[in-house]
1. Exactly one condition in (1) farther than 29 Å from A13 by Cβ; (2) of a type outside the set (S, T, Y); (3) without any contact (Cβ under 8 Å) to a residue 60 or more places away in the chain is not met by I227; state its number.
2. Could you grab the pairs with beta carbons closer than 8 Å, sequence gap of 6+ or different chains, first residue in the stretch 164-181 and modelled with pLDDT under 95, second one assigned to a loop (DSSP other than H, G, I, E, B)?
3. Is there a residue being of a type outside the set (V, I, T), under 22 Å from the mean Cα position of the chain (by Cα) and under 25 Å from D88 (Cβ atoms) anywhere in the stretch 167-181?
4. Going through V256, V218, V246, V293 one at a time, which residue ends up being in contact (Cβ under 8 Å) with a residue 60 or more places away in the chain and in contact with a Leu (Cβ under 8 Å, 6 or more places away or on another chain)?
5. Just to verify a result, which residue in the stretch 257-281, among those that are small (G, A, S) and surrounded by 14 or more Cβ atoms within 10 Å (Cβ to Cβ), is farthest from T238 (Cα to Cα)?
6. Sort out which residues of the stretch 238-271 are among the basic types (K, R) and over 22 Å from G226 (Cα atoms), and write them in order of number.
7. Examine the stretch 211-222 for a residue that is hydrophobic (A, V, I, L, M, F, W, C), over 27 Å from F296 (Cβ atoms) and either in a loop (DSSP other than H, G, I, E, B) or more than 20 Å from the chain's Cα centre (by Cα) (or both), and state whether such a residue exists.
Amino acid sequence: MTTPVGLVDGTFAGTDLHAVYELQRNEIGAPHIPALVELPDVGPHATDVGKVAANLSVPLELRSYGWQLQHGTRISASDQLRATSHRDSVIQAMADIAAADAIPEVSVRLVGPVTLMMSGWLPSGQRILRDPGAREDLAGAWVEGAATLSARMRAVLGATPTLLIDELQAHRAVTGQVRTASGAGFERSIDLSEVRTYWEAAHTPDANVLLETSAELVDTAAEVGGIILDWPQGRSLTTERTWERVDGLVQAQKPVAFQIQHRDNPQRYAEELIEQYLDWGVSPSGLDRVHFVRRFDRAGEVETGAGLQWLRMLADHAAGYVTTL
């Protein structure tokens with residue numbers, strides 16, 4: 001029987017990349033998956049859309065209302081150039097701290113293509129979501145950008161990238177709930193089949209991909225590939241359906257990441273998680289495709305260190321507990 005691993009996700013306080021990587025090196029190691037550090041305090045070029053803009057081949061400029069596409073093909077806006085430079089610094093800092101230690105796998109959260117279309121702007125001042133041609137172009141640029149980021153992580157770190165694609169708001173584009181630029185109305189909805197096409201293209205062979213979306217679109221996401229879920233609670237038809245979905249994914253050798261809540265006794269919690277997983281009849285051999293996710297929100301040094309240690313203890317104990325069953 002194979003075992004699950006821990007996966008680090010989220011954002012951290014301050015501006016010191018090396019300090020966060022030092023914590024990750026000291027508190028959690030292979031086979032668990034550290035995160036490419038995201039520091040919102042550095043600025044908008046270092047988080048959310050800025051992280052994506054760093055890898056895109058299309059020119060964007062940061063305005064007071066968000067990132068806006070520019071005419072032409074030359075990237076010249078200072079914020080996009082700063083984003084690219086920061087991306088390189090983030091990756092190099094991890095390599096500096098790791099030194100000669102191997103880093104098998106690293107996670108990085110990215111705003112997904114549909115969310116980017118919803119939040120980005122055309123040169124005309126309208127949402128990218130409004131223009132079918134712009135949507136197609138941006139989706140293609142997103143895929144190329146994800147490949148660029150993955151290639152750089154492999155080259156500098158020697159690590160397999162795990163892309164955590166944030167599409168939690170994508171259902172609003174499908175159901176016509178995205179406000180127009182004026183706020184007076186709503187953008188026309190896009191077809192679910194179009195969204196699926198974007199998500200299929202996002203599953204690059206150069207990285208492990210986990211897509212996080214809302215309950216409205218999770219079935220579509222699971223049909224495409226790996227997903228991120230909250231740990232299913234209670235006994236209901238919804239919970240049963242969720243575990244059936246998980247079983248189908250792990251048997252197809254696709255990853256599933258579970259967001260788990262903090263509890264004071266990580267060892268006992270690990271045993272409960274494994275017991276629940278097996279009680280629902282999910283394939284035991286699929287545990288090697290399961291990730292336990294600890295997400296941080298602008299966490300400082302103390303919270304980060306304690307959270308990483310907790311995640312390692314939980315995942316390691318889960319691995320040991322599996323062998324006793």
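1. Unmet for I227, out of (1) farther than 29 Å from A13 by Cβ; (2) of a type outside the set (S, T, Y); (3) without any contact (Cβ under 8 Å) to a residue 60 or more places away in the chain: (1).
2. Correct list of pairs: A181/G125; A181/Q126.
3. First, the residues of the stretch 167-181 that are of a type outside the set (V, I, T): 167-173, 176-177, 179, 181.
Narrowing further to those that are under 22 Å from the mean Cα position of the chain (by Cα): 167-173.
Now drop any that are not under 25 Å from D88 (Cβ atoms), which leaves none.
Scanning the stretch 167-181 turns up no residue that is of a type outside the set (V, I, T), under 22 Å from the mean Cα position of the chain (by Cα) and under 25 Å from D88 (Cβ atoms).
4. V293
5. The extreme case among them is A270.
6. R263, R268
7. Step one: of the stretch 211-222, the residues hydrophobic (A, V, I, L, M, F, W, C) are 211, 215, 217-218, 221-222.
Filter once more, so that each one left must be over 27 Å from F296 (Cβ atoms): none.
No, the stretch 211-222 contains no residue that is hydrophobic (A, V, I, L, M, F, W, C), over 27 Å from F296 (Cβ atoms) and either in a loop (DSSP other than H, G, I, E, B) or more than 20 Å from the chain's Cα centre (by Cα) (or both).
Conditions (1) among the hydroxyl-bearing types (S, T, Y); (2) at pLDDT 95 or above; (3) assigned by TED's automatic domain parsing to the domain that holds D166, marked per residue:
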position: S214; (1), (2), (3): yes, yes, yes
position: E244; (1), (2), (3): no, yes, no
position: Q253; (1), (2), (3): no, no, no
position: E272; (1), (2), (3): no, yes, no
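The values are calculated or read from the model by the stated rules, or taken from the named source; none is laboratory data. Being a predicted model, the structure only gives us computed values, none of them experimental. In this analysis, Cβ positions are derived from the backbone assuming ideal geometry, glycine residues included, and neighbour counts consider all displayed protein chains.
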